[in-house]
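> Sharing a structure, written as structure tokens. Questions coming.
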Amino acid sequence: MQKITITSSFYAYLSRLRWIKRWGLKRNANPENVMEHSWEVAVIAHTLALIKNRYYQGTVDAQAVATAALYHDVTEVITGDLPTPIKYHSEAISLAYKQIEKQAELELLNLLPDELRADFEALIPHDNMPDEQVQIIKAADKISAYLKCQAELKAGNGEFEIAAKHLAETLSESQQPEVVFFMQAFVPSCGLTLDGLMKTY
């Protein structure tokens, strides 16, 4: 067997996403890290793409969407998670963060062996993704955030009341039929207990 001489710290960086906490400016009843959030967004995005294809004549590559969603927040291993209210607090902060994010994308790509870099250039830089794919991942990100807010409210944590209301309004106004479908078909049961879920069979 050929001896591999290539070394890369790319995966070592990604594995540290488990230590990046989300919602850092809020008290959390159930802490969430970027790694678990990324999995949830990928699963939701994959389902949204399938709904679009099966019910609304879409032609989205659901597997490509799911893969890109897994990597949608990888730059936060360098930048950390900047809470949304801060990220969009002003145009200057928003612009500065986008520049930092782009630089983090480049730094992560540069950790990869040359032979793999082109593959990840279709996954990590947001600017390289098809618009339709970006929209589905953004919607999945919002749904994931909404579910997090609902879980926190159910745990008696009022810190998430305003965020939950804002996300509910945003999602209810969505022009993406797959989002409306997901919210009506899948989200209501997410608030059930295990006993409640078992009774639905």
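> Mind telling me which of the residues Ala29, Ala104, Ala62, Ala12 ends up being closer than 20 Å to Lys142 by Cβ and either of a type outside the set (Gly, Ala, Ser) or modelled with pLDDT of 95 or more (or both)?
Every option except Ala62 fails the conditions.
> Output the residues belonging to segment 170-201 that are of a type outside the set (A, V, I, L, M) and in contact (Cβ under 8 Å) with a residue 40 or more places away in the chain.
Filtering segment 170-201 for residues of a type outside the set (A, V, I, L, M) gives 170, 172-178, 181-182, 184, 186, 188-191, 193, 195-196, 199-201.
Gln176, Pro177, Glu178, Phe181, Phe182, Phe186, Cys190, Gly191, listed by residue number.
> Output yes when any residue across segment 5-12 is touching a Phe, Trp or Tyr at 6+ places or on another chain (Cβ under 8 Å) and of a type in the set (Ser, Thr, Tyr), and no when none is.
No, that holds for no residue.
> Taking segment 64-100, which residues are among the charged types (D, E, K, R) and free of Cβ contacts under 8 Å to residues at least 24 places away in the same chain? Can you show your working first?
Narrowing segment 64-100 to residues among the charged types (D, E, K, R): 73, 76, 81, 87, 91, 98.
Lys87, Glu91, Lys98 - these are the residues of segment 64-100 that are among the charged types (D, E, K, R) and free of Cβ contacts under 8 Å to residues at least 24 places away in the same chain.
> Suppose we filter Glu178, Glu169, Glu173 for residues that are at pLDDT 95 or above and either closer than 15 Å to Ala45 by Cα or surrounded by 11 or more Cβ atoms within 10 Å (Cβ to Cβ) (or both); which single one remains?
Values: Glu169 fails: either closer than 15 Å to Ala45 by Cα or surrounded by 11 or more Cβ atoms within 10 Å (Cβ to Cβ) (or both); Glu173 fails: either closer than 15 Å to Ala45 by Cα or surrounded by 11 or more Cβ atoms within 10 Å (Cβ to Cβ) (or both).
Going through Glu178, Glu169, Glu173 in turn, just one is at pLDDT 95 or above and either closer than 15 Å to Ala45 by Cα or surrounded by 11 or more Cβ atoms within 10 Å (Cβ to Cβ) (or both): Glu178.
> Same structure, new question: Against the definition (at pLDDT 95 or above and touching a Gly at 6+ places or on another chain (Cβ under 8 Å)), how does Gln150 come out, yes or no?
So Gln150 passes the test.
> If you don't mind, there's one more thing I want to ask. Restricting segment 1-25 to residues that are surrounded by 15 or more Cβ atoms within 10 Å (Cβ to Cβ) and farther than 14 Å from Ser38 by Cβ, which is farthest from the chain's Cα centre (by Cα)?
So the residue we want is Phe10.
> How many residues does segment 15-28 hold that are part of a helix (DSSP H, G or I) and more than 14 Å from Thr79 (Cβ to Cβ)?
Looking only at that region, the number is 2.
> Specify which of the listed residues (Gln103, Gln133) is out of contact with any Phe, Trp or Tyr (no Cβ under 9 Å at 6 or more places or on another chain), touching a residue at least 24 places away in the same chain (Cβ under 8 Å) and polar (S, T, N, Q).
Gln133
> Residues that are touching a Leu at 6+ places or on another chain (Cβ under 9 Å) and surrounded by 14 or more Cβ atoms within 10 Å (Cβ to Cβ): list the helices (runs of 4 or more DSSP H) wholly contained in segment 38-92 that include at least 2 such residues.
62-70, 76-79
> Here is a further query. So which of Ile162, Ile143 ends up being free of Cβ contacts under 8 Å to residues at least 12 places away in the same chain and over 30 Å from Leu112 (Cα atoms)?
Selected residue: Ile162, the only one of Ile162, Ile143 that is free of Cβ contacts under 8 Å to residues at least 12 places away in the same chain and over 30 Å from Leu112 (Cα atoms).
> Got a number for residues in segment 15-55 being in contact (Cβ under 8 Å) with a residue 40 or more places away in the chain and farther than 24 Å from Ala151 by Cβ?
4
> Considering only segment 97-183, give the helices (runs of 4 or more DSSP H) lying wholly within it that have at least 3 residues that are out of contact with any Lys or Arg (no Cβ under 8 Å at 6 or more places or on another chain) and either of a type in the set (Ser, Thr, Tyr) or closer than 21 Å to Ile78 by Cα (or both).
In segment 97-183, 114-121, 131-154 are the helices (runs of 4 or more DSSP H) which contain 3 or more residues that are out of contact with any Lys or Arg (no Cβ under 8 Å at 6 or more places or on another chain) and either of a type in the set (Ser, Thr, Tyr) or closer than 21 Å to Ile78 by Cα (or both).
> With respect to the numbered conditions (1) assigned to a loop (DSSP other than H, G, I, E, B); (2) free of Cβ contacts under 8 Å to residues at least 40 places away in the same chain; (3) among the small types (Gly, Ala, Ser), which one is the sole condition not fulfilled by Ala12?
(1)
The values are calculated or read from the model by the stated rules, or taken from the named source; none is laboratory data. Since we're looking at a predicted model, the values are computed, not measured. We place every Cβ from the backbone using ideal geometry, glycine too, and count neighbours over all the protein chains shown.
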